[in-house]
Amino acid sequence: MNIAKAKAQKSLKAKGFVVEPDGHHVYYRHYLDGKATGAYTYFSHGGHMRDIGESIQKQMKRQLLLGSA
């Protein structure tokens, strides 16, 4: 099931991820007590991708260090 890119970005911010623009991408990194936890993901600046498909969601899940649920 696809999810909206804007909804995913909003959810990451609500969970405490920090937005870090970097060249062609916008990184979302997680910090705990001022230290990076290693959980991150990124989105392209381009507006061509409005929804995130299942294959990209799987990659994001791995990047965000999420286990099976």
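The values are calculated or read from the model by the stated rules, or taken from the named source; none is laboratory data. Everything quoted here is computed from the prediction, not taken from an experiment. Cβ placement follows ideal geometry from the backbone for every residue including glycine, while neighbour counts extend to all protein chains displayed. Ligands, DNA and RNA are excluded from the accessible area calculation, which covers all protein heavy atoms including side chains. Shrake-Rupley method; radii C 1.70, N 1.55, O 1.52, S 1.80 Å.
With only Lys, Arg, Asp and Glu charged, each at its Cβ (+1 for the first two, -1 for the last two), find how big the charge dipole of the chain is about the Cα centre; round to the nearest 20 debye.
In debye, rounded to 20, the chain gives about 180.
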Once you have the Cα-Cα distance between Lys15 and Lys61, take 0.36 nm times their residue separation minus that, and quote the gain in nm to one decimal.
-> 15.1 nm
With at most 14 other Cβ atoms within 10 Å, longest stretch of the chain clear of loop trypsin sites (Lys or Arg not before Pro) (DSSP) = 16-49
Taking only DSSP H segments of four or more residues, each worth -39500 (n - 2.57), what value at 222 nm results for the chain once the sum is divided by all its residues, to the nearest 500 deg cm²/dmol?
-> -8500 deg cm²/dmol
Roll a 1.4 angstrom probe over the protein heavy atoms and tell me the percent of accessible area of the chain that is carbon or sulfur.
-> 54
In the set [x] 25, 11, 9; [y] 26, 22, 9; [z] 19, 16, 10, which value of semi-axes √(5λ) of the Cα gyration tensor in Å was calculated from the structure you see?
-> [z]
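Determine the relative contact order of the chain: mean sequence separation of Cα pairs under 8 Å and six or more apart, normalised by residue count, in whole percent.
31
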